[in-house]
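The structure appears below as structure tokens.
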Amino acid sequence: MNSTVGTQPTSIELIAGATSVGTGGDGVVVRAFVKDANNNALAGVPVAISTTSGTLSGLSGTTDASGSASATLSAGADRSNRSAVITASSGTVSSTLTLPITGTRLTLSGPSALIRGSSASFDVVVTDSKSNVVSNVVITATSSLGNALAAAGGNSTNASGQVRYAYTATNAGTDNLVFSGAGATVSPSPALAVSGQNFAFVAPAPSTTVPVNTAQTVTVRLEGVSPLAGNVINFAATGGTLSAATAATNAAGEASVTLTSTSAGPVTLQATLAGTSTSTTLPLVVVATAPSTLVLQVTPTAVAPNIGTSTANQVQVVAKVNDAVGNPVQGQTINFSRVSDPSGGNLLQASATTDASGQASVAYRPGSESTANNGVVLRATVATAPSVTGTATLTVNQTALFIALGTGNVITNIDPQTYRKDWVVYVTDSNGIPVNGATLTVKAIPTDFLVGTLRWNGTVWDYANPPLWMCRNEDRNTNGVLDAGEDDNNDGVLWPGNVIAVSPGNVQTENGRATISLTYAESYAPWVRLRLTASATVSGTESSTSVEFIVNGAASDFSTEGTPPAGVVSPFGSTPRPTTVAGACTLLP
């Protein structure tokens, strides 16, 4: 029996090519079949398809001959587990379909048992449906016993898809930990068992400062076991020397050893109950207490004056204090002063306190006057030991730059077709002080190109001269455009073109120097004469320098008679074009 096909949609059947969408990026095709009142498929009918989550792509928009329109649903950038509600509508009718977006899971690693008072770490890693790690996922953590869970590095997954939670076993019992994120959860299986035992350092307090070469007693206490006496404790430390590697608990459950260190710095002690994984840690800071030397440094050693009301230019003044054997001395007050300062500058702080590395720093701001080389003299002194002092000098004068270009004798083959030649740019001020952070603009422009061939002279490949011509760069205003009067050989092309690349074109000096590289095809050696220019601007005045040279090839490519170099014939020809205007090329002697 035939039914008449209507023109008005009365129903939509919405189906998907899979029962779920993976969070790893795979797409699932969703099809909407539009029908009339007799369930006949309607072709050429507009259909709108939307979703509450994920990303739709490839939407056809109009039903085909089968009466269907389609789109592809993928998870998009959000790789969490969730549901997407897809809606297809045409005219006054619509249909919905719910598809789960799944596959993201949490993987947990950590201990299965602890004793009260101890701490441990739990690592959570997030992966999508393709096992790719997922970063920037917020992971929350809960403890049924109310024990502390803290993510010191933040509770969002890092580039490795990981979050680390520190767990402190304050309360005993069975702790049901739950870690959640990206629509997934994970828990230890079986649940974490926290024993009623207690194991912790009781002396000294965490982060206590211990003088070098001083024996510090450390005591750990074990509780909740029977008997308390006779339990073996293993001790270890990240620095210094322990009086013993093991000790047995006494009747109070306590065991002690001493730590002595000849070097300053942080030290972590660890005590472990023998035969178990139960351990506890204690951070200490070993400090030197007797300042012996002070080294004062200024960075950078040259600075421009502050003109008018400007305060932008300044330098860091750093004092480093050590004891007699080179340990940094922490907690010392350092007084800073200006011994000589023709610039009229100022120290922004009069004193500072040394940190764990023995350093204390203040800022110096130069005045408006330039000075001679090393004209500013600064001093730093240990407040409690005035004989421990140091001085440093700097130059206030950077209104002019001097630039020099230089190179070595090495040409590198990047690949069988390309050479690289490195150059170095040096920048100094008017006192010869290297200028740090100067921005240089570098250009490599051909001035001439050579026309001719090479021949074997019995030792190396050299110019076959005569005949050998040098022709001027047709782009005389270096604008890259063939202007009127520039086409010397009347062929409609600018010769030789910018065939030598320089990188980087803009570079900043570090300690007064920067390296640049020229790269060019081997066939252009030795047929291009180049002008290499480096320039910089300070206080509105431009300084620049240039060198001119013919680009060369690697010596090894020119030293074998049976293997001629790539440029045995100039890429610009063996003779000038007959149409070349007079004076554009010169026959070399």
Please give the net charge around V376, taking every other residue with its beta carbon less than 10 angstrom from that of V376, where Lys and Arg add +1 and Asp and Glu add -1.
0
How high is the relative contact order of segment 402-558? Use alpha-carbon pairs under 8 Å, at least six apart in sequence, and give a whole percent.
32
Provide, in order from the shortest bin, the percent of all Cα-Cα pairs of segment 11-102 in each 10 Å bin, continuing until the bin that contains the maximum pair distance.
19, 50, 24, 6, 0
Under 5 Å from the placed amide H of T278, counting only residues 5+ away or on other chains, we find L273
Under 8 Å for C-alpha pairs, at least 6 residues apart: give me the relative contact order for the chain, rounded to a whole percent.
7
Got a sec? Charge dipole of the chain, +1 on Cβ for Lys and Arg, -1 for Asp and Glu; which of T354, L450, P571 is way out at the positive end?
T354
If we sort 454-465, 85-96, 386-397 on the protection proxy, mean other Cβ atoms within 10 Å, highest first, what's the order?
386-397, 85-96, 454-465
Determine the distance separating the Cα centre of segment 307-351 from the Cα centre of segment 377-419; give it in Å without decimals.
19
Cβ charges +1 (Lys, Arg) and -1 (Asp, Glu), total dipole of segment 402-558, debye:
400
Scoring segment 325-379 by relative contact order with C-alpha pairs under 8 Å, at least six apart, yields a percentage of 43
Over all distinct alpha-carbon pairs, what is the Kirkwood Rh of segment 402-558 in angstrom?
17.3
Separation in nanometres of the label points that stand 7 Å from Cα toward Cβ, at T289 and T168:
2.9
Using the Cβ atoms and a cut-off under 13 Å, what net charge is assigned to the surroundings of V134, where Lys and Arg are +1 and Asp and Glu are -1?
+1
Looking at segment 370-443, which chymotrypsin sites (Phe, Trp or Tyr not before Pro) are in a loop (DSSP not H, G, I, E or B) and have at most 13 other Cβ atoms within 10 Å?
none
Karplus-derived 3J(HN,Hα), 6.51/-1.76/1.60, for each residue of segment 257-266, Hz, glycine and proline x:
9, 10, 10, 10, 10, 8, 10, 7, x, x
Could you work out the local net charge near L405, counting Lys and Arg as +1, Asp and Glu as -1, over the other residues with Cβ closer than 14 Å to its Cβ?
+2
Note: L14 to T185 extended length (0.36 nm per residue) minus current alpha-carbon separation gives 58.4 nm
Report, in debye and to the nearest 20, how large the dipole of the chain comes out about its Cα centre when Lys and Arg carry +1 and Asp and Glu carry -1 on their Cβ.
1280
Per residue, how big is the convex hull of the chain when only Cα atoms are used? Give it in Å³.
369
Put +1 on the Cβ of every Lys and Arg and -1 on every Asp and Glu Cβ in segment 453-589; which of L518, N477, V547 then has its Cα farthest towards the positive end of the dipole?
V547
To make sure I understand the rule: partners must be aspartates and glutamates, Cα under 16 Å from the Cα of K421, and not fewer than 8 residues away in the same chain. Which ones qualify?
E522, E548, D557
Listed peptides 553-562, 367-376, 191-200 by packing density, highest first (mean Cβ within 10 Å)
191-200, 367-376, 553-562
Semi-axes in Å, largest first, for segment 205-286 (Cα gyration tensor, √(5λ)) are 24, 11, 11
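Read-outs: derived from the displayed coordinates by stated rules, not from any lab. Source: prediction; values computed, not measured. Ideal geometry is used to build each Cβ from the backbone, glycine not excepted, and the neighbour counts take in all protein chains shown.
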